[in-house]
Amino acid sequence: MNGERGAKGGKNDRVRALKITQTQKETIEKKERLTKEELKKIEANVRKRQIINFITVIPVVFFGGIFYTFQSKKRKEREIFAKPKKDPEVSPGDLIYNELELINDRLTKENSKKQPEIEILDEVEEKKKSTKKEENKVEKKESKKQEEKELEEEIAKIKSKKILEEYQNRIKELRYQLRNYYFEESILDEAKDIENNVPSEENLEKLNKLIDKLEKLKRKVEKESKLDIEDPYITYLVERDLDKIENNIELETIENAALYTTISDKIDEIKQVETKMEEKVETKKQEKNIDEEKLTSMKENYQKKDNFQKELDKFLQEQNANLVNVQNSIKNSVNKISMNRIQLNGLQQSTKLMQKRLKKLMKTPGPTSGKKITTMITQFLAFFGLINKPTKPQQLPKIEVQDFSEEIENNIKDVDNILSEIGKSSNAIDNTIREFISKYQEFSSTKEFQEILQNLEKIRQDLAEKEYEMLRIKKQQQKELEKNNAKIKTIYTK
C-alpha cells in the first residue's frame, strides 16, 4: 500500500510540477501586451525553471524507487528477527513525497517572487494606457483650443477688413460729395477753367491718399486671411466696433483701435470741410437766385461748351510727336541700356501728357467725363506700347468723338457701358504697370522710373474714383426709376 502511495505520489508530484509550469506558461501568454523584450526574458526564465524542475524531480523519483526496493528487503528481514517498533514507520514514498513537497514549496516561493514582477508590469502597462488616454484627451482639448484660437483670429481679420472697407466707402462718399460741390461752385462762379481751383485739388488729393492707404491695409489683411464670410453676426460685430470707436468707449476690446480712431478723426475733419462747402454752395445759389433745376441746366451747358474733340486731337498730336522723338533717338543709341534710357524718357513724357488731360477731366463729375476719360486712356496706352516697342514712325488714324452727353447723363444702360469701359481700362493699366516694372527693373532707383510708376498709379486711382462715381450715379438713377414706376402704378390704380 505504501509502495502504491509512493508511486502515485511521484506521479502526482510530476503532474503538480507540470501544472506549475503550465500555469507559468498561461500567465506568460496572458502578458501579450508586454514588450517583446520583456516577453523574451520571462520565457527564458520559464524554460530555465522547467529544466531545473525536470533535473530536480527525475533523480529523486529514480533513486527513490531503488531506495524503496532496498528498504523493502531490509524491512522483511527485520520483521523476522526483530520486534516491531512502536514508533510510526516512514515509508520511502513518504520521504519522496516530503522531498517533493519541499521542492514545490521552494518553487512556489520563487514563483511568488516572480509574480510581483508580472503584477508590476501589469500596473505599468495599465498606467501607460491610462496616461495615453489622458494624453489623447489633452491633445484633443489643445487641438480644440487651437481651432478656436485660429477661428477667433480669422474673425478678427475679417472684422478688420470690413471696418477698413466701411471707412474707405465713407471717405469715397465724402470725396464724391466734395467733388460735386467744387464743380457746382465753379459753375456758379462762371469759372472758365475749373481745374485752377487749388484748394479743391489739395483736399481731394488728401482724400485720395487716405483711400489708397486704406486699400493697401485692406489688401494686406486679405493676404493674411483665408476666409471671406458674409454673415449677419460679422456685420453685427463690425457695427458694434464702429460704434465703440466713434463714441470712444471700450477701445481696449478692439484690435487696431488706435489706427481706427485716427481714421475716424480724419473722416470727421473731412466732414467738416464737406459741410462748409455745402453751406457755401447753398449760399451762392440763394444769392444768385438759382434753384436746383437751373443749376443742373448750367452744368449741362458747361459740358456742351467743353470741346473734347479739340482736346483729344491736341493730345494725340503731342503723344505722336513724343513717339517720333523716341524713335529718332533710338537710331543713335549704341547699346540696349542707352536705348532703354531713351524709352524711359519717352514714357515719362507720355505719362505727364496724360496726367495733364486727366486732371482737367476728373474735375467734371458725371458719365460724360467718364466716357472721355476712358477714350483718352485708350489712346495713351496705345502710345505707351509703341514707345516700349519702337517701330517706324506711322500716321495714326484720326479719332472722331461724337457727343452723346444728354443721352449718357440720363440712361442707366449707357452708365453700365461706361462702367464696362472703365473696368477694361483699369485692367489694361494693371497689365501695363506689371510689364513696365518687369522690363525696367534695373532702372527702379532712377527718378524717371519712379515718376512713371507714380503717374500710372495715379491713372489707376482716378479710374477707381470714376468707377465709384458711376456706381453712385447708377444707384441714384435706379431709385428715380423706381419712384417713377411707383407713380405710374398709382395712376393706373386710380
(request) With the condition kept exactly as written, say whether any residue in region 159-180 is modelled with pLDDT under 80, surrounded by 12 or more Cβ atoms within 10 Å (Cβ to Cβ) and of a type outside the set (A, V, I, L, M). (result) no
(request) Test F315 against the criterion of being at negative phi and modelled with pLDDT of 90 or more, and give yes or no. (result) yes
(message) Restricting to region 238-266, give me the number of residues that are outside any helix (DSSP H, G or I), within 20 Å of E154 (Cβ to Cβ) and in contact with a Lys or Arg (Cβ under 9 Å, 6 or more places away or on another chain).
(response) 2
(message) Suppose the filter is under 41 Å from the mean Cα position of the chain (by Cα), without any contact (Cβ under 8 Å) to a residue 60 or more places away in the chain and assigned by TED's automatic domain parsing to the domain that holds D462; does S350 pass it?
(response) yes
(request) Kindly list the number of the only condition in (1) over 24 Å from the mean Cα position of the chain (by Cα); (2) within 30 Å of K299 (Cβ to Cβ); (3) surrounded by fewer than 19 Cβ atoms within 10 Å (Cβ to Cβ) that fails for E125. (result) (2)
(message) Checking E287 against (1) charged (D, E, K, R); (2) modelled with pLDDT of 90 or more; (3) under 21 Å from E465 (Cβ atoms), only one condition comes out false. Which one?
(response) (3)
(request) Can you confirm whether region 272-287 contains a residue that is surrounded by 11 or more Cβ atoms within 10 Å (Cβ to Cβ), within 30 Å of G366 (Cβ to Cβ) and touching a Lys or Arg at 6+ places or on another chain (Cβ under 6 Å)? (result) no
(message) within 24 Å of K363 (Cα to Cα) and touching a helix residue (DSSP H, G or I) at 6+ places or on another chain (Cβ under 8 Å): which single residue out of I254, I290 fits that description?
(response) I290
(message) Among (1) surrounded by fewer than 17 Cβ atoms within 10 Å (Cβ to Cβ); (2) at pLDDT 90 or above; (3) among the hydrophobic types (A, V, I, L, M, F, W, C), there is one condition I337 misses while meeting the rest; what is its number?
(response) (2)
(message) I'd like to check something: does region 429-448 contain any residue that is within 25 Å of T364 (Cα to Cα) and either among the aliphatic types (A, V, I, L, M) or in a helix (DSSP H, G or I) (or both)?
(response) yes
(message) Among the residues in region 298-305, are any assigned by TED's automatic domain parsing to the domain that holds K439 and either in contact with a His (Cβ under 8 Å, 6 or more places away or on another chain) or not in a helix (DSSP H, G or I) (or both)?
(response) no
(message) For region 407-417, check the following and say yes or no: at least one residue is farther than 19 Å from Q478 by Cα, at pLDDT 85 or above and part of a helix (DSSP H, G or I).
(response) no
(request) Provide a single number: the residues in region 297-336 that are closer than 26 Å to N180 by Cα and more than 48 Å from the chain's Cα centre (by Cα). (result) 11
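The values are calculated or read from the model by the stated rules, or taken from the named source; none is laboratory data. On a predicted model such as this, the values are computed, not experimentally measured, just so you know. All Cβ positions, even for glycine, are placed from backbone atoms using ideal geometry, and neighbour counts span all protein chains on display.
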